[in-house]
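Contents: one structure, followed by commentary.
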Amino acid sequence: MAKYEKFQRAPLVLAIAAGSTFASVASAQDAELVENSTPEVEEVIVQGRLRDSAEVLISERLEEEVVTDILGAEMISRVGDSTVAAALRRVSGLSLVSDKFVYVRGLGERYSSTTLNGSTVPSPDLTRNVIPLDLFPTSIVESLAVQKSYSVDKSASFGGGNVDIRTKGIPDDLTYSVEIGTGTNSEVSGDALSYSGGDDDIWGTDDGTRAMSGEISAALQRFKGDLTVAGIRDTLIAEGNEYSSNQEAYEAAQAINRELALGLNRDISITDASTDPDQDYKASVGNRFYFGDDWELGFLAGGSYKSKWRESERVIRDYGNPQEQSDHRDESTYSVDISGNLNLGLRFSDEHAVESTSLFLRNTDDETSIRDYFNSNRLLSDGTGFRNYELKYEERELELHQLKGSHSLGPETKGLLPIGLLSWIPEELVVDWFYSDATAITDIPNQVEVIASTETDPETGEVLSSTVDIASRSASFRFTELEDEVRNYGWSATLPIEFSSSTLELSGGFARIEKGRSYKQTEFGLDIFSVADSAILDDPLGDVFSDTNITDDDNNFVFAKSGSNKQSYLAATSTDAIYGKFDWTLEETWRISAGARWEDYSQAALEWNPYSFSQSEPQITNDPEELAEAVYTDDDIYPSLSLTYMGSFWAETFQLRFGASKTAVRPDLREITDAIYIDPRTDDQIRGNSSVRPSEIDNYDIRAEWFFDSGDSLTISAFYKDIINPIEFFEAASSDDNVAREIINAESGEITGIEIEGMKSLGFISDPMDSFFLQGNITLQDSEIVAGDEADAPTNAVREMTGASDYVVNMLLGFDSPDGNHSASLVYNVFGERLYKAGRDPHPDSFEQPFHSLDLTYFWYPTDEVTVKAKVQNLLGEAIEIERQGGAVFEEEIGQTFALSAQYKF
């Protein structure tokens, strides 16, 4: 990049930093004024803040061979986003779905990939490989790199884009920081729905209160998974127990069955609990030690804790009969987020470096909800309805350990070796390697659902009374365990070769990804078939299912393992890859990079019945045809080409990039089997498809970038993606009010779009406005998917892709005071109407409506070490809304969030 050194690099980088990190500095005249009227050290600090947060990122963006957007920690902090998912919606062409999944250029979450420091990481999502990005707090992030054009050093499952989460590295000198914050949400009333949990809930982990009891676990083994009264009776007889009659055997089995029911945690009465304000604590410390002229040793350690209460009100309406059929849910959630990280690094000269990263993340949501609804069986005007009481404690954890190194045989290294040894190896050759081992765990113990009937006002639907149902499904208790482990390792070698008027860089490498997943779901039913006194069914839930009521011979409570045996599964994938590429820069004006990657991919997914004890029905099938059907293999070559022109057309720094590549999206976990299972998130019936094939994506990009010495910038990008055999969910035929979806290959899909982003200082309006700037990006796109013959009667055979909107707008009005003591950002984000769920004829498609997000963040720097931050999110009080055939079928109020924090950093 010698050409850029010809410019006045420091002013240029600061100017570009202003546009790319949502920051701004005063004009040259104001800078001179500040220099003459304030101590010199303050000017250095103000400018240094920009340099530290953005200079490296801007240099990287300029030097990237492919289209890449980079968000630094300073910018993320400035807009006030607390999770990686929320921060990424600020990038052009990206939109956030369900507050956790990122859609890149209109492609759904399956069409993008996520890495952490360049390595593949596991997912705690119960049914998919995709990683929910709300798991990652922004406090651990140094930068986010969004690569929109493929390069062969990335996995071919790149899809339509890759998000690389880069954690904070080792500082150059001693640094430590402490931050304390609080906040709340306007929807939090102060009296939230809650129940009696465990003593360790404050730390986001269950202390065993909700765990499956040892008695029940032992009984599952003893009675071979059949805990019905009949099943227990058969085992008792098989064990040699003698009874005078079948009735005596039945009564003995019934007593055991009821005793087992007492092993469930039934302290589930829902009460009103007082809520505390949000708590947010962060701390970190790091240092680098120097030994002699060549050796460096450093570390960085950090941790965070956050807890909050949130309440939400959700309404779902039937599009055909919204007045009579509706679903109203009140939900309270207590969330705990904990993170810890440790980085260690050792460096010798500039020739060898070894660094380790260890990361622990915990994200726990404790949800309590009451759901009242009317359907085709009970209309609102009937004066009776349904009620579900639901408790869900979900703990997600990610533990990751990474080790990486970079080595070259430079003069310092060769000076330590015997003369002539390895002298034939070029000093410019750099060998990098990495190893990553990570495990994600999701644990949902004792997820409770109790079914009740309500007496209601036939005019308003107001609930007048509620009674637990006497039915075959009065209450269910579900235990879900997921473990997802990924091992990723590889190496690469890079050799730059200098010619008189050009530079050629040759590189290649190897990578292997191994992934194993186990998913175990166990569900029990505690059914009430009759009671001596029906009044007990009106009591609090904990009393209804009390020891006294269950063991009372006059009542008929029956305990059993319920649910389908097809819910649990085992899955594994492995990928071996080899790639090579060249990067040729001619006359510091033209740059061409091209390469290819070969990948050999294998995947297997098998149904697992952990409670099968019969050779005729093994836990895992031994049928050759079923085993063959459960395995999928694929190998292919994935090329990429990038061409860049570098000059000074219309601006001091100009780049024009063109890229073309081929990538893939492969079937997800259970999708290659013909199993029918229930999605644990949505309760939809999901049908796998052993015939589903991988999607291939042909990607084309062109981007022009202008960076001006004044600090203004402009970027225009155009892209086109042609998807062959896109993998999509389509609604399938189902009964009653159930929803069924099946996975198929649609016939074809394509996306065309343009992105415009830029930054403009407002000083041209007047001198006082010189402290303000406007930064933003707009994405306009058009998507189309052709369902094809495999889809079962879709409402629209040709439609837009799920989650793709016609436009996405991000705008930021920023302020930086001339003295550097204050800054503020008013941030606006909106996406256009986007397809939420495609319908099945004659049901229409449903569309999520635009959400106008307006956030305000203010910073005060009273001293060089202290930062006070205040933020308000969703200033406009927008709600989430989904429409079907022009009528609202879903509404959820999320409220406004207020937060205040103070940080001391040295």
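Data for the structure
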| quantity | calculated |
| --- | --- |
| Rough spin-label spacing in nm, given labels placed 7 Å along Cα→Cβ, for A888 and S612 | 4.8 nm |
| Residue-level accessible surface for T575, protein heavy atoms, 1.4 Å, Å² | 10 Å² |
| Size of electric dipole in the range 91-173: Cβ of Lys, Arg +1 and of Asp, Glu -1, about Cα centre, debye, nearest 20 | 360 debye |
| Loop GluC sites (Glu not before Pro), the range 543-641, which have at most 11 other Cβ atoms in a 10 Å radius of their Cβ (DSSP) | E587 |
| The chain shape via C-alpha gyration tensor axes, a/c threshold 1.5 | prolate |
| Label zone at E187 (point 7 Å along Cα-to-Cβ), backbone N below 20 Å, the range 311-331 | 311-318, 326-331 |
| About the Cα centre, charge dipole magnitude for the chain (Lys/Arg +1, Asp/Glu -1 at Cβ), debye | 2000 debye |
| Helix-derived mean residue ellipticity, 222 nm - over the chain, DSSP H n ≥ 4, -39500 (n - 2.57), to 500 | -3500 deg cm²/dmol |
| Calculated FRET value between Y720 and F654, using beta carbons and R₀ = 25 Å, to 0.05 | 0.65 |
| Signed unit charges on C-beta, dipole axis of the range 569-662, positive-most listed residue S593, P624, Y638 | S593 |
| Mean-position separation - Cα centroids, the range 233-292 and the range 456-506, in angstrom | 24 Å |
| Global geometry of the range 102-227, whether rounded, prolate or oblate, following the gyration tensor of its Cα atoms and the 1.5 cut on a/c | oblate |
| Size of electric dipole in the range 447-510: Cβ of Lys, Arg +1 and of Asp, Glu -1, about Cα centre, debye, nearest 20 | 400 debye |
| With DNA, RNA and ligands ignored, accessible area of K871 (1.4 Å probe; Å², nearest 10) | 30 Å² |
| Cα-based reach from K721 at 16 Å (exclusive), listing aspartates and glutamates while leaving out same-chain residues under 8 positions away | E109, E696, D698, D701, E747, E750, E755, D782, E784, E800, D806 |
| Filter on K100/K871; K224/K566; K760/K905; K404/K905; K515/K837 - keep pairs with C-alpha separation over 19 Å | K100/K871; K760/K905; K404/K905; K515/K837 |
| Rounded accessible area of L482 (nearest 10 Å², 1.4 Å probe) | 10 Å² |
| Approximate spin-label separation V798-R693, in nm, with each point projected 7 Å along Cα-to-Cβ | 2.2 nm |
| For peptides 860-869, 401-410, sequence by mean Cβ density within 10 Å, most packed first | 401-410, 860-869 |
| Förster radius 35 Å - calculated FRET efficiency between V786 and A493, Cβ distance, rounded to 0.05 | 0.20 |
| Sequence-separation-based contact order of the chain, relative, with Cα cut under 8 Å and 6+ spacing, percent | 12 percent |
| Cα shape, the range 519-635, gyration tensor, a/c 1.5 rule | oblate |
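The values are calculated or read from the model by the stated rules, or taken from the named source; none is laboratory data. What you are looking at is a predicted structure, and each value in this text was computed from that prediction instead of being measured. Positions of Cβ are backbone-derived with ideal geometry, glycine not excepted, and every protein chain shown enters the neighbour counts. Heads up: the accessible areas ignore ligands, DNA and RNA and are worked out on the full protein's heavy atoms, side chains in. Shrake-Rupley method; radii C 1.70, N 1.55, O 1.52, S 1.80 Å.
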